[in-house]
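The values are calculated or read from the model by the stated rules, or taken from the named source; none is laboratory data. Because the structure is a prediction, the values reported are computed rather than measured. When we count neighbours, we look across all protein chains shown, and the Cβ atoms used for this are built from the backbone with ideal geometry, even at glycine. Note: areas computed on protein heavy atoms with side chains; ligands, DNA, RNA excluded. Shrake-Rupley method; radii C 1.70, N 1.55, O 1.52, S 1.80 Å.
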Amino acid sequence: ADADSFVLYLIDHGGKEKFQMSGLEILEAEDLNLWLDELQGKIPGKLTIIYEACHSGSFLPRLANAQNENRVVITSTSDDKLAYFMPEKAISFSNYFWNHVFNGFSVKNAFDTATDAVRFTEKRQEPLLDDNSDGKYDEKDGLLAEATHIGNKVMSREDAPIIGSVFVSPELLNIGENTAKISAENVTDEDGILRVWAVIWPPEDN
């Protein structure tokens, strides 16, 4: 109750309006909202929720608080979509999101950048943001999140690696071919490059 603001990060298995806290504990969206409403009535600052799980978007309308709009709710995907974790969990919405938060981005900029990144690798995933407490994500959202920073807004990590260009040989587009060359050129990073990898989706998954 003596906090100025509050950040809640949830990540694990999820279902429609449900979050699996452990093997036997299930958190209902309605219960979470009651707790958050009670907390928000005691603190003067913003309340920010980042939730990464399958069907996490089902929490968006449940966590809306029309009486107190000082709340930002972010989910890694929509209510009817899955959340994907790529090799070694290096590619996921919240991994991108927190990397940019730690680089001093606002919550809105971190959300936008993470959304672009995850959609590049998994087109079916649809991150959502609600910061005007209407329970949905549309063009009206973003002002509060843009003015919200987690931490001290100071760059605490180096810039992300930069890939100058990506080349895919034309053979990949030819029906019947089963080999092709894929290369990343002019890859740079302040700490050096250990490895570069590609995530490849079969045509039937697109």
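Can you give me the % of accessible surface on the chain that is carbon or sulfur? Probe 1.4 Å, all protein chains present, nothing else counted.
Carbon and sulfur: 53 percent of the exposed surface of the chain.
Once you place label points 7 Å from the Cα toward the Cβ at A180 and D31, how far apart are they in nm?
4.8
For the chain, what is the accessible area per residue in Å², given a 1.4 Å probe and the full set of protein chains?
I get 60 Å² per residue for this part.
222 nm [θ] for the chain, helices only, -39500 (n - 2.57) per DSSP H run of 4+, per residue, to 500?
Calculated mean residue ellipticity at 222 nm is -6000 deg cm²/dmol.
Kindly sort I182, I200, I43 by accessible area of their heavy atoms, largest first, with the probe set to 1.4 Å.
The residues order as I200, I182, I43, largest area first.
Any chance you could give the angle, 0 to 90 degrees and rounded to 10, that helix 107-121 forms with the longest Cα principal axis of the chain?
Compared with the principal axis, the helix lies near 40 degrees.
Taking the chain as the reference, fit the longest principal axis to its C-alpha atoms, fit the long axis of helix 93-102 to the helix C-alpha atoms, and give the angle between the two in degrees, 0 to 90, nearest 10.
Compared with the principal axis, the helix lies near 70 degrees.
Order these peptides, 60-68, 108-116, by their mean beta-carbon neighbour count within 10 angstrom, highest first.
108-116, 60-68
Rounded, prolate or oblate: which fits the range 24-162 when a ≥ b ≥ c are the square roots of the eigenvalues of the alpha-carbon gyration tensor, with rounded for a/c under 1.5 and prolate only if a/b beats b/c?
Oblate shape, in that a/c is at least 1.5 and b/c is the bigger or equal ratio.
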